[in-house]
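Working notes, beginning with the structure itself.
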Amino acid sequence: MKYGLTEKHLQEIISILKKYPKVTEAFIFGSRAMGNYKQGSDVDIALKGEVSTSDAATIKDDLEEETFLPFFFDVVAYNRINNQSLKEHIDTHGVKFYTNEEFTSIND
């Protein structure tokens, strides 16, 4: 169970992402990607594609309200990030787990 997420957790997250065709890629970043997460750490997800800030907020709500996942989520639209150091962190340490509706295992 890498990054504190099981394959089942990832499949549930992906089932929500698949509802949004604007999402072309999704990355886990932050403490979970860096390996210094704690049990209660949120799941930071960056979405690439033509995703608005409003879309990211809706996806966050769906993840927290429509699933039984035991996590809080921080979901950001990558193309709307103004903080260059955050973008660099995602580019350097982000772990891609979803691309064009294809699941990429992060637990290998």
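The values are calculated or read from the model by the stated rules, or taken from the named source; none is laboratory data. Source: prediction; values computed, not measured. When we count neighbours, we look across all protein chains shown, and the Cβ atoms used for this are built from the backbone with ideal geometry, even at glycine.
In segment 79-108, the residues that are of a type in the set (D, E, K, R) and surrounded by 15 or more Cβ atoms within 10 Å (Cβ to Cβ) never reach a residue that is part of a strand (DSSP E or B) and modelled with pLDDT under 95 with C-beta atoms less than 6 angstrom apart, at least six apart or across chains. If only residues of segment 55-70 that are crowded, with 19+ Cβ neighbours inside 10 Å and in contact (Cβ under 8 Å) with a residue 40 or more places away in the chain are counted, the one that is farthest from Arg32 (Cα to Cα) is Ile59.
Figure legend. Inter-residue proximity from segment 38-54: first residues surrounded by fewer than 13 Cβ atoms within 10 Å (Cβ to Cβ), second residues of a type in the set (Phe, Trp, Tyr) and not in a strand (DSSP E or B), beta-carbon distance below 9 Å, spacing 6+ or different chains. Indicated pairs: Gly40/Phe71; Gly40/Phe72. For first residues located in segment 2-14 and on the phi > 0 side of the Ramachandran plot, partners that are in a helix (DSSP H, G or I) and lie 6+ apart or on another chain with Cβ distances below 8 Å form the pairs Tyr3/Arg32; Tyr3/Ala33; Gly4/Arg32.
Here Leu17 meets the list (1) buried (at least 17 other Cβ atoms within 10 Å of the Cβ); (2) more than 23 Å from Asn100 (Cβ to Cβ); (3) touching a residue at least 40 places away in the same chain (Cβ under 8 Å) almost entirely, failing just condition (2).
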